[in-house]
Amino acid sequence: QFPFGRRLPCDIYWHGVSFHDNDIFSGQVNKFPGMTEMVRKITLSRAVRTMQDLFPVEYNFYPRSWILPEEFPLFVAEVQMMKESDPSWKPTFIVKPDGGCQGDGIYLIKDPSDIRLTGSLQSRPAVVQEYICKPLLVDKLKFDIRLYVLLKSLEPLEIYIAKDGLSRFCTEPYQEPTLKNLHQVFMHLTNYSLNIHSGNFIHSDNVNTGSKRTFSSILCRLSSRGADVKKVWSDIISLVIKTIIALTPELKVYYQSDIPAGKPGPTCFQILGFDILLMKNLKPMLLEVNANPSMRIEHEQELSPGVFENVPSPVDEEVKVAVIRDTLRLVDPQKKKRKDVHHEINHGLFPARIHQKTTIESCKNKVNVRYNYFMCYRCQTSEHVSETKDELLDAGPADRLEYDTSKNTEAGLPSLCLKQVFPKYAKQFNYLRLVDRVAALFIRFLGVKGTTKLGPTGFRTFIRNCKLSNSNFSMASVDILYIDITRRWNSMGIDHKESGMCLQAFVEAFFCLAQKKYKSLPLHEQVASLIDFCESHLAALDEKRLACGRG
């Protein structure tokens, strides 16, 4: 343990809360800069809403949301309009404080007038969403799914999903919301931290029973009823990939601010907790994303009044130990070194027996794991081979050699519980990454390294270099657009540390420019066309500068 930091560098640093727990200049850190901010309820809602504007069908897995207090008038107006168009619509809404966790401050309402418009809403903004009234029930109880997702790399994007997760149950039989039962949290809210205080909460040593079970046990049960569980998994994978695609543009802005390109710095990875609700028709809906999911594998049990004991939780242990173990296997810093040796073997630079000997000898090294406010992981183990049987069937001779010579390294370790879903399925989802490309333009014109806001000069340079001004859109109009959008976003309380245009404001301005230039196309085609237009002009400008440099 290193309460005051550590001078000697480590391969892996395991921070407890965020990237900034300690100043790290090398190795790998288990947190991305900006992730905590990005998965807050308001920021996540904004990011997904941007994607819903572009691809409404693809992003229909997130409930309709409004941000309070700034969108309260819009919320009231839209609900009134929907009620007038469909008098039979009897909605319920759920109000979630922006920075809340473990169910803190969440409540249900039937009408916008029921929102607690007190001073606390000004100091503690919230998101209000349509409540999902028809969830899938098991044993007459509502439940949600906690899935663990490893974001291994941001550039290139690399995503893994754990093959099993947790199902967390309410502790009172579910009924659709009425004015009488709105306040029954044990019926409507699936948060473990709330339901554990219910007299009906069941701690179980069996992963198939109790108030917390494995997700695989739920899938087995659904399969026995004839449900298409492969489609359920496919839909969940799609939801996870699409959500991370919505988050990556702003994460890249944070990343370049804390770890500027060309300067020494750590690389990052992070385990995220996705909270998902299955509807009655088995459609998965995203509830929220947790940047610091609990990795506890025990729970408190009261032995006598005021006397508690920590008791192991078999369900948590089965899922969480595998996630941590296999995350460390995947980010093993020695992996690249062994791949380089393997490359040399395959090209005849070393005889295979040397690779085998080296691998076996490196097996004898130890793993040293140190915890702090962060944990330093000095990795000295040999590569953990993760091929499944199916992958081995498809492996070529070189792949089989790697497996054969390294198999002793993982004696006693099961196959990886983390399944790669991106870039594996990149072809199916790359068309959604438009805002990523807009963010790349934004970062290009930021100018000063370490900033996250675009100044007026940078915005004008962007317009000039991409040749977006003309007789119908003068530079004076450019300045007005910049001022109007920047002022509005800054008035929402978005990060006042720096002045200037944040990425969300730039995206809005970019969408406005796209709509002006390509009026007859749907929004996603307008934006794609403007991105292509800007990228072609910038590529030509780069080529011209390169030619001048040669001259």
Name the residue that is farthest from L154 (Cα to Cα), counting only residues in region 267-310 that are of a type in the set (V, I, T) and either surrounded by 12 or more Cβ atoms within 10 Å (Cβ to Cβ) or touching a helix residue (DSSP H, G or I) at 6+ places or on another chain (Cβ under 6 Å) (or both). I297
Go through L538, L481 for me and flag whichever is outside any loop (DSSP other than H, G, I, E, B), over 28 Å from G262 (Cα atoms), in contact with a Cys (Cβ under 9 Å, 6 or more places away or on another chain) and not acidic (D, E). L481
Looking at region 227-261 only, could you name the residues that are more than 22 Å from K424 (Cα to Cα) and of a type in the set (V, I, T)? V253, I259
Using the structure shown, decide if E508 is open to solvent by 30 Å² or more (accessible area, probe 1.4 Å), within 27 Å of M51 (Cβ to Cβ), without any contact (Cβ under 8 Å) to a residue 24 or more places away in the chain and among the charged types (D, E, K, R). yes
Residue count for region 295-323, restricted to those that are in contact (Cβ under 8 Å) with a residue 60 or more places away in the chain and not hydrophobic (A, V, I, L, M, F, W, C): 7
In region 441-460, what residues are under 32 Å from the mean Cα position of the chain (by Cα), loosely packed, with under 15 Cβ neighbours inside 10 Å and not charged (D, E, K, R)? G447, V448, G450
Between P3, P56, P33, which is more than 25 Å from G450 (Cβ to Cβ), touching a residue at least 24 places away in the same chain (Cβ under 8 Å) and assigned to a loop (DSSP other than H, G, I, E, B)? P3
Checking D164 against (1) open to solvent by 10 Å² or more (accessible area, probe 1.4 Å); (2) without any contact (Cβ under 8 Å) to a residue 60 or more places away in the chain: exactly one of these is not met. Which one? (2)
Evaluate the following for I463: is it farther than 16 Å from F533 by Cβ and surrounded by 15 or more Cβ atoms within 10 Å (Cβ to Cβ)? no
Would you say D23 is at pLDDT below 95 and either basic (K, R) or in contact with a Pro (Cβ under 6 Å, 6 or more places away or on another chain) (or both)? no
Looking only at region 209-240, and only at residues there that are in contact with a Lys or Arg (Cβ under 8 Å, 6 or more places away or on another chain) and not in a helix (DSSP H, G or I), the one that is most open to solvent (accessible area, probe 1.4 Å): K212
Selection status of R488, in contact (Cβ under 8 Å) with a residue 12 or more places away in the chain, among the basic types (K, R), closer than 21 Å to I67 by Cβ and surrounded by fewer than 16 Cβ atoms within 10 Å (Cβ to Cβ): yes
Taking D205 as the residue in question, decide whether it is in a loop (DSSP other than H, G, I, E, B), of a type in the set (D, E, K, R), open to solvent by 40 Å² or more (accessible area, probe 1.4 Å) and touching a residue at least 40 places away in the same chain (Cβ under 8 Å). yes
I'm told S204 meets every condition in (1) of a type outside the set (K, R); (2) within 29 Å of the chain's Cα centre (by Cα); (3) over 22 Å from L108 (Cβ atoms) except one. Can you identify the failing condition by its number? (2)
Specify which of the listed residues (T243, T178, T190, T248) is surrounded by 18 or more Cβ atoms within 10 Å (Cβ to Cβ) and over 30 Å from L503 (Cβ atoms). T190
Looking only at region 519-535, how many residues end up being touching a Leu at 6+ places or on another chain (Cβ under 7 Å) and either open to solvent by 60 Å² or more (accessible area, probe 1.4 Å) or not in a helix (DSSP H, G or I) (or both)? 1
Would you pick out the residues in region 7-20 that are in contact with a Cys (Cβ under 7 Å, 6 or more places away or on another chain) and modelled with pLDDT of 85 or more? D11, I12, Y13
Hey, among F32, F25, F61, F75, which residue is open to solvent by 40 Å² or more (accessible area, probe 1.4 Å) and of a type in the set (A, V, I, L, M, F, W, C)? F25
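The values are calculated or read from the model by the stated rules, or taken from the named source; none is laboratory data. Just so it is clear, the structure is predicted and the values come from calculations on it, not from any experiment. Don't worry about glycine lacking a Cβ; one is built from the backbone with ideal geometry, like all the others, and counts go over all protein chains shown. What goes into the accessible areas is simple: the full protein's heavy atoms, side chains included, and nothing from ligands, DNA or RNA. Shrake-Rupley method; radii C 1.70, N 1.55, O 1.52, S 1.80 Å.
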